[in-house]
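Read-outs throughout are calculated quantities, based only on the coordinates presented, and are distinct from any laboratory measurement. Source: prediction; values computed, not measured. Virtual Cβ from ideal backbone geometry, glycine too; neighbours counted across all protein chains shown.
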Amino acid sequence: MNQYVSVARDGDVAVITVDNPPVNALSFHMREPLDAALKDLRDDASVAAVVLACAGRTFVAGADITEFGGPRQNPTLLDLIATLESYAKPTVAAVHGTTLGGGLELALGCHYRVADPKTLLGLPEVKLGLLPGAGGTQRLPRLIGPEKALEAIVTGRFMPASEALADGLVDAIAEDDLVKTAIAFAREKAASGGPHVLVRDRDEKLAAARADLDAFDARIKEATKKARGLDAPLRCAQSVRNALTMPFEEGYAQELAYFLELLPSDQSKAQRHLFFAEREAAKVEGITRDVKPREVKRAGVIGAGTMGGGISMALVNGGIPVTILEMSREALNNGLARISSTYDISVKRGSMSEEDKAKRMARLSGTTDYADLANCDLIIEAVFEEMGVKEQVFKKLDEIAKPGAILASNTSYLDVDKIASFTSRPADVLGMHFFSPANVMKLLEIVRGEKTAPDVLATALAVAKRAKKVPVVVGVCHGFVGNRMLASRSAELESLLLEGATPSEVDKAFTDFGWPMGPFAMGDLAGLDIGWRNRKSLGKTAAIGDALCEEGRFGQKTGKGFYLYEDGRTPKPDPWVENLIVEKAKEKGISRRAISADEITERTLYPMINEGAKILEEKIAARASDIDIVWVNGYGFPIGKGGPMHWADTAGLARIVERLEYWHGKTGEDTFKPAPLLKKLASEGGSFAGLKG
Ligand code: NAD
């Protein structure tokens, strides 16, 4: 008995209760007494069965990741499981809350599992660039079958208790008190006399897949097709496959070997960095525990265009009823129809039921009358990106919104302080910058204005959580964190083409780095006319981009852009474009040369990192890891590289400064001039991670 592990008796059944708040993680200080208690009870002849339960809000929710990479301290989780598996009398895990990772592996060491009906079970190690290293890939397939286990482990998905019961992962669901049910279950099993078969010894669900490995390999191919250069999903799949081809002990040892191989890898470090970064991003200066978010029972969205529609969907998906306001009935109806057909796609794909769609649509209403927004607690504006239009809308909102209503703008670039100044209540105004498509993309940049009140920020964070977004609080500047850095990434793209690269060479350098798409394919997808119009309004030009648009080549939507789209979707290099580039280079007197992938990276990614350093200097972002969260969740930065700032630390800041200086000398472009903060860190041997937030 100690602070973390206690034992109680209910007749001949012993109940071990683990109490290691907040989530009963498998820290060394609880493993040691748990192992001792398990051994005592195993050897105690007066005990007929043992129930393993947890106090607090959850069963063991996983390893203590702060111990990862540190010295090994015995007993390990593997030792605990070995102790459980040395039992002849029945052991029952009583699981509730989030039974995840090492927690589920511990429960799989027991003979039986009884679950609270709300339990979620899963092996999410893949999300940290790892695989379950304590038998998860060997025991789960034996319980639920290798096909289901493969899918669950490769995606890291959480399985609800009802599914777990149907699949055999749990043996019973507790309708009433969990521990009492588990005690009764254990007593019954003890009385039955067994046999109590260990999970590791159950092979019957493996037989079919063992007999047809080709079919299983096809499943692996399907399950890992989105792995995109990440090692962990492949290792997870291979390890599940090993359960079919190897005896248990061998598969178990191999799993541990994979785990130890992945643990020190750059990819896993990057993914663990992102895991912590997401939690850090929720800590916002000025939002202390006593700052209470305002209640949001109903929201309004202004504009039913691309963003207004997506934002409305994100809110209703999170259970918040929305009234959308448009300028005309026609625009409103079109917007609502687009939302309905977007949901239809999910229904067709099978990811949403008709009832779910109906429920969501029922939370949506439309209007052309501002008075209908008078009872909204939050109103998000998503109208055209013009200060004049924003001014009109915010003046109107100031007239009609109830006191205490939060007024947010989805502006991509405009000055949120200026927008706030159009109202008599700037403390209630902030930016809520969603990304397109807003019903899908995880990122939400929450733009804190000069006068934004702390409880207004706290409310935006709470709404983000309900809408299942990943929020990052940023300051006011042109383009905030994401779009501002995107501009610096894009600055050299035309020059790279003129100096000798082709669009597909540039895009290939990006996809080889791990981006889902290169910038030219991306431009074609988004529509080249947007940038063209923007340039015209700013009096700027781009030799190649402008020439394409003048030819009516706006990208995928016109079947042609930087590439040709014969089937409407697949980019094909177009000799016409390559010829255009050569001509434009000639006009400018540039003699073209071969351009390496390294050069492409240096001239696109390094300026981004440089801009990130400036963003930190100006305190637009509170910490480097916030910038990583923006880029991974809003722009597809490869998660295996952890975001631009983490990647920069890994690559070495001194090298980045040296190359920036080289390119600055060669081109004279400001984007390459190293930011003072970057230079300082590089000269001190420091890192972005080492900066105090
Ligand atoms: P959009 O043109 O698709 O939609 C704008 C909608 O607003 C139109 O339906 C229009 O009828 C309506 N509207 C215009 N003025 C209005 C008014 N006074 N009252 C009511 N409705 C009005 O534009 P969008 O792409 O959805 O962009 C909207 C905002 O979101 C802009 O500020 C933009 O910068 C920002 N944004 C866009 C993206 C993107 O990728 N499209 C991403 C993030 C942010």
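Quickly rank 422-431, 118-127 as a protection proxy: mean count of other C-beta atoms within 10 Å, highest first.
On the way: 422-431: 21.0, 118-127: 23.4.
So the peptides 422-431, 118-127, ranked by packing, come out 118-127, 422-431.
Determine ³J(HN,Hα), in whole Hz, for all residues of the stretch 594-606 in sequence, where each value follows from phi through the Karplus function 6.51 cos²θ - 1.76 cosθ + 1.60 and θ = phi - 60°; x replaces Gly and Pro.
6, 10, 7, 4, 4, 4, 4, 4, 4, 8, 10, 6, 5
For the stretch 300-457, give the magnitude of the charge dipole about the Cα centre (Cβ charges: +1 Lys/Arg, -1 Asp/Glu; no others), in debye to the nearest 20. Intermediate values should be presented prior to the final figure.
Details: 17 positive and 21 negative charges, 85 e Å.
Taking the Cα centre of the stretch 300-457 as origin, the dipole is about 400 debye.
Using modelled backbone amide H atoms (1.01 Å from N, in-plane), which distant-in-sequence or interchain residues come within less than 5 Å of residue 561's amide H?
Distant-sequence amide H within range of residue 561: 555.
Could I have the simple spin-label model distance between residue 402 and residue 257, label points 7 Å from Cα toward Cβ, reported in nm to one decimal?
6.5 nm
How many nm separate the modelled label positions at residue 465 and residue 55, each set 7 Å beyond the Cα in the direction of the Cβ?
Going by the 7 Å Cα→Cβ label model, 2.5 nm.
Around residue 11, what is the net charge, scoring Lys/Arg as +1 and Asp/Glu as -1 over all other residues with Cβ under 13 Å from its Cβ? Write down the numbers at each step before the final one.
On the way: positive: 9, 180, 187; negative: 10, 12, 188.
With Lys, Arg at +1 and Asp, Glu at -1, the neighbours total 0.
Can you give me the Cα centroid spacing of the stretch 635-650 and the stretch 395-456 in angstrom?
29 Å
Report the local net charge at residue 267: Lys and Arg +1, Asp and Glu -1, summed over other residues whose C-beta lies under 10 Å from its C-beta.
Numbers: positive: 269, 272, 641; negative: 231, 266.
Once positives and negatives cancel, what remains is +1.
With θ taken as phi - 60° and the coefficients 6.51, -1.76 and 1.60, list the Karplus ³J(HN,Hα) couplings across the stretch 24-38 in order, rounded to whole Hz; mark glycine and proline as x.
Karplus values, whole Hz, x for Gly and Pro: 6, 4, 7, 6, 4, 5, 9, 4, 4, x, 5, 5, 4, 5, 4.
Give me log10 I(q)/I(0) at q = 0.10, 0.11, 0.20 Å⁻¹ for the stretch 507-603, Debye formula, one equal scatterer per alpha-carbon, no solvent.
The Cα Debye sum returns log10 ratios of -0.29, -0.35, -1.15.
When the helix-only estimate is applied to the chain (DSSP H runs of n ≥ 4, each -39,500 (n - 2.57), divided by the residue count), what is the mean residue ellipticity at 222 nm, nearest 500 deg cm²/dmol? Kindly include the intermediate steps, with their values, before the conclusion.
Values: 30 runs with 340 residues, N = 693.
The helix-only estimate for the chain comes to -15000 deg cm²/dmol at 222 nm.
Straight-line reach from residue 586: which aspartates and glutamates fall under 12 Å, measuring Cα to Cα and dropping same-chain residues less than 8 apart?
Result set, ordered by chain and number: 499.
Within the set 584/666; 641/666; 118/292; 508/679; 148/465; 297/692, which residue pairs have Cα atoms separated by over 26 Å?
Numbers: 584/666 21 Å; 641/666 28 Å; 118/292 28 Å; 508/679 30 Å; 148/465 29 Å; 297/692 37 Å.
Flagged as over cut-off: 641/666; 118/292; 508/679; 148/465; 297/692.
Need one number: % antiparallel among DSSP beta bridges in the stretch 299-480, to the nearest 5. All intermediate terms of the calculation are to be shown ahead of the outcome.
On the way: 4 of 28 bridges.
If I count the DSSP bridges inside the stretch 299-480, around 15 percent turn out antiparallel.
In terms of modelled amide H atoms, which long-range or inter-chain residues lie less than 5 Å from the amide H of residue 51?
Those qualifying (amide H under 5 Å, at least 5 residues apart or on another chain) are 14, 15, 16, 92.
Of 585, 531, 556, which is farthest along the charge dipole of the stretch 501-587 in the positive direction, counting Lys and Arg as +1 and Asp and Glu as -1 at C-beta?
So the residue we want is 531.
From the backbone phi of the stretch 332-342, what are the Karplus-calculated ³J(HN,Hα) couplings (6.51 cos²θ - 1.76 cosθ + 1.60, θ = phi - 60°) in whole Hz, Gly and Pro given as x?
Values per residue, Gly and Pro as x: 5, 4, 4, x, 5, 5, 5, 4, 4, 6, 5 Hz.
Treating only the Cβ atoms of Lys and Arg (+1) and Asp and Glu (-1) as charged, compute the dipole magnitude of the chain about its Cα centre; round to the nearest 20 debye. Don't skip to the end; give the middle numbers.
Values: 87 positive and 94 negative charges, 187 e Å.
Charge dipole, the chain, about its Cα centre: 900 debye, nearest 20.
For residue 583, project a label point 7 Å along Cα to C-beta. Then give me every residue of the stretch 513-556 with its amide nitrogen under 18 Å of that point.
Within reach of a label on residue 583: 542-555.
Any chance you could give the angle, 0 to 90 degrees and rounded to 10, that helix 387-400 forms with the longest Cα principal axis of the chain?
Approximately 60 degrees, to the nearest 10.
Sorting check: for 521-529, 376-384, 279-287, 27-35, which peptide has the highest mean count of neighbouring beta carbons within 10 Å, and how do the rest follow? Numbers along the way, then the final one.
Details: 521-529: 20.8, 376-384: 23.0, 279-287: 15.1, 27-35: 18.9.
Result, highest mean first: 376-384, 521-529, 27-35, 279-287.
Among DSSP bridges having both ends in the chain, what percentage is antiparallel? Round to the nearest 5. Walk me through the numbers on the way to the answer.
Details: 18 of 61 bridges.
Just about 30 percent of them are antiparallel.
P(r) for the stretch 299-480, please, calculated from all Cα pair distances in 10 Å bins and given in %.
With 10 Å bins starting at 0, P(r) equals 10, 41, 36, 11, 1.
Is the shape of the stretch 13-86 best called rounded, prolate or oblate, per the rule: a/c under 1.5 gives rounded, else a/b larger than b/c gives prolate, else oblate, with a ≥ b ≥ c the square roots of the Cα gyration tensor eigenvalues? The partial results should precede the final answer.
Numbers: a/c = 2.74, a/b = 1.44, b/c = 1.90.
Oblate is the answer for the stretch 13-86, as a/c is 1.5 or above yet b/c matches or exceeds a/b.
For the pair residue 368/residue 346, report the inter-label distance in nm, with labels modelled 7 Å from Cα in the Cβ direction.
Inter-label distance under the simple model: 2.9 nm.
Using Cα positions and a limit of under 17 Å, work out the lysines in reach of residue 560, with same-chain residues fewer than 8 apart set aside.
Excluding near neighbours in sequence, the set is 572.
For residue 59, which sequence-distant residues (separation of 5 or more, or a different chain) have an amide H within less than 5 Å of its own amide H, given hydrogens modelled in the peptide plane?
96, 97, 98
Measuring from centroid to centroid over Cα atoms, what is the spacing of the stretch 162-208 and the stretch 513-589 in Å?
60 Å
Using the Cα centre of the chain as origin and beta-carbon charges of +1 (Lys, Arg) and -1 (Asp, Glu), tell me which of 496, 38, 128 is placed farthest towards the positive end of the dipole.
496
If you place +1 on the Cβ of every Lys and Arg, -1 on the Cβ of every Asp and Glu, and leave all else neutral, what size is the dipole of the stretch 1-118 about its Cα centre, to the nearest 20 Debye? Could you put the intermediate results ahead of the total?
Values: 9 positive and 14 negative charges, 47 e Å.
Here the stretch 1-118 has a charge dipole of around 220 debye.
So for the chain, what percent of the C-alpha to C-alpha distances run longer than 50 Å? Each step should come with its number before you reach the end.
Values: 51400 of 239778 pairs.
Tail fraction, whole percent: 21.
Can you tell me what share of the DSSP beta bridges in the stretch 294-375 is antiparallel? A percent to the nearest 5 is fine.
On the way: 0 of 8 bridges.
Close to 0 percent.
At 10 °C and 1.306 mPa s, grab the translational diffusion coefficient of the stretch 383-428 from Stokes-Einstein with a Kirkwood Rh over Cα pairs, rounded to a whole number in µm² per second. Display every interim value, and only then the final one.
Numbers: Rh = 10.6 Å.
Once the numbers are plugged in, D ends up at 149 µm²/s.
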